[in-house]
1. DSSP loop trypsin sites (Lys or Arg not before Pro) in segment 64-134 with at most 10 other Cβ atoms within 10 Å of their Cβ, which ones?
2. Which angle between 0 and 90 degrees, to the nearest 10, do you get for helix 138-149 versus the longest principal axis of the chain when only C-alpha atoms count?
3. Tally up the carbon and sulfur contribution to the accessible surface of segment 378-532 as a whole percent, 1.4 Å probe, everything protein left in place.
4. With the cut-off at 1.5 for a/c, could you classify segment 365-451 from its C-alpha gyration tensor as rounded, prolate or oblate?
5. In the chain, with Lys and Arg counted as +1 and Asp and Glu as -1 at Cβ, which of these residues, ALA394, ALA7, LEU26, has the Cα nearest the positive end of the dipole, that is, farthest along it?
6. Based on the alpha-carbon gyration tensor of segment 474-521 and its eigenvalue square roots a ≥ b ≥ c, which shape applies: rounded if a/c is under 1.5, prolate if not and a/b is larger than b/c, or oblate?
7. With a 1.4 Å probe and all protein chains kept in place, how much accessible area does ASP399 have, in Å² rounded to the nearest 10?
8. Please arrange GLU368, GLU240 by accessible surface area, largest first, computed with a 1.4 Å probe and ligands excluded.
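The values are calculated or read from the model by the stated rules, or taken from the named source; none is laboratory data. Treat the numbers as computed from the prediction; the structure is a model and nothing was measured. Neighbour counts are summed over all protein chains in view; Cβ atoms, including those assigned to glycine, are modelled from backbone coordinates with ideal geometry. Please note that ligands, DNA and RNA were not included when accessible areas were found on the heavy atoms of the full protein model with its side chains. Shrake-Rupley method; radii C 1.70, N 1.55, O 1.52, S 1.80 Å.
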Amino acid sequence: MRRRSDAYRRHAALPVPHVLDYAAELVLDGRSLPRPVNYLLARIRPPEGTTLDPSRRPFVVVDPRAGHGPGIGGFKADSEIGVAMKAGHPCYFIGFLPDPVPGQTIEDVALAEAAFLEEVGRRHAEADGRPCVIGNCQAGWAVMMLAAVRPELFGPIIVAGAPLSYWAGVKGRYPMRYLGGLLGGSWLTALASDLGAGVFDGAWLVQNFENQNPANTLWTKPYNLYAKVDTEAERYLGFERWWGGHVSLNAEEIQFIVDALFIGNRLTAGGITLDDTVVDLRNIRSPIVVFCSRGDNITPPQQALDWLLDLYNSVDEIRAFGQTIVYTIHDTIGHLGIFVSAGIARKEHDEFASNIDLIDLLPPGLYEAVFEPRAAVADHPELVTGDWAMRCEARTLDDIRALGGNDLADERRFAAAARMSDINLAFYRAFVQPFVRASIGPAVAETMRRLHPLRLGYESFGASNPWLGWVAEAAAATRKGRRRVAADNPWLSLQDQASRQIAATLDSVRVMAETAAEDTFRALYGSPALQAALGIDANSDRRPRKPARSLLHTRLIEHRIAALRAGMGDGGLPEALVRALVYVGMARGRVDERGFAAIRRLREGREDARALSLAAFKAMVRDQSYMLWIDEEAALAAIPQLLPADTAARNSALDRLASVLGASGALTGEAAARFDRIAALFTTPHVSDMPVPGPHDGPIAPPAPDLAEAVATRPDGEA
């Protein structure tokens, strides 16, 4: 504890406190921007022996400002930054200083991050794609908001442990979502900011984290340290350096976060504007990777994924918006483990970094990333880049619903809590806030900040406490005579048994408290009388905070479909191969990294293929996929028109197609039948003037459902 306190003081005294395990150089200081903020853009210097490929897209890691300091994304060698550099990607880091610039807002921070990404884009203009941006926890929603209004800045987006649908959850689990309603809303947030003289102390957010697991906070964490005191100290002290690096937010920033997001749930409802533009996550053009865990009680899978149910009625709508969304759900890892665990970095983050181009090339739709040990791969294991083989399996919104979530009555309860919060906040601002602000000056606010219980826990064992000056010498003397007890010592067994019992008791108390909190919330805000008084229509069958549909977008889709129908016969052999690849792959319902590796090898070995940029190839994959979804029969019938007249060239192309498809395993069932059909098309005699179905021709066979119709029609059939 003495060493922890000394490290706490040294860390706080640094001009730019962080816990990055890598050397970094400042690229852009947010305080120099027209709307200054306390954020910084840094370039990560690769460690000795690491070679970066300047042609590969850069990675930008954005750390959360949720009470702790920056650096968790590069806290260890096995980290998000570490695995990205191992895959050859240049890396940048967006962090922040402990204290905000007076007056800065969430919008100012978003505009600063846009400037940072512009700078990264300029530095890597020749790279094979736009930057891949990783948003951890609270940084996830900030990245998504910015990507919705500035989509041109982004390559693939990875949001790890990031809440996006704030009311979502499962009855009997994840009680943190009830906290705002039980405390009467966000007026307490305003009070805490006023007690800080306009600054919100991030230590309160850290306190909320600790309160979610009292067994770990009060017993398991310290017991694990003391029971393994000879070996655990360094790991413990390294983590505590980040955990105790508390940072602050302006009152305007934290109030926006609580009102608009966690209590208001306005992110997916079109209730937030950024730079005078409505934030609509459907405008994001980049692939989105959502990484969450069932073991995360801070951001459970529902809060990470249910925004899809808020925004879309079907996967066809996701495709109609041109979006590619990939998710993966870990079974056990906790919230912090998503960013900190070396095991997670070596598996999920390593695979995302190694296969980011594969994700960028996926046809629009919804997928789940599934990981299989390389040792279990039977076919072509040499095409697997790491210890795990990643495949993306097609999913529907029913797979998201199967995770569990709120019903309509639950949504009304949270809507009532949001209304109550607005009312209580208005009363506080009108009748209490003027007196609090008049009573609290900077000196009083600073004193209360220093007396926060978490800070006192770090401070009390340090050099400022004269009663503990003897600890250093006593510890050194104790180590000299230290002896380990035998593993079969009965007192050691009794100690472990007592520890488990204490932890179980604290867990039982937590469960009882959470059950009482949930029952109270549901009874209070489920009251028909209270809902009526707050203006909640209990008879409506429409979910509160449901986003509006855009008629303009429907019309744009119709024009896009017409253009694609007219262009089914345009192109040549590359378009034919991609169309055939997508057609056969659709029967498998998955995309495997081995198939992409085979494509990459073929591309590297052929000069004509290398001339096609990754961006152009991505656009081709999307266009050919859309053509098959719009009218599969017409798209297939046009393939012979795209092929060269030379029979040998056709046969060679068919062989290349077979090698790519076979890289993920032998074709069977429907996939094999589809390949046979493609083979027949490739061997069809070439006729240069073969008529191609145009936008006004009749379909060759009954057409697939029109995407425009899918967008314009609700599930109940009402247009």
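1. The qualifying sites: there are none.
2. 40 degrees
3. Of all accessible area on segment 378-532, carbon and sulfur atoms account for 61 percent.
4. oblate
5. Value computed over the given set: ALA7.
6. Oblate, since a/c reaches 1.5 and b/c is not below a/b.
7. Roughly 60 Å² of ASP399 is accessible to a 1.4 Å probe.
8. The most accessible residue leads, giving GLU368, GLU240.
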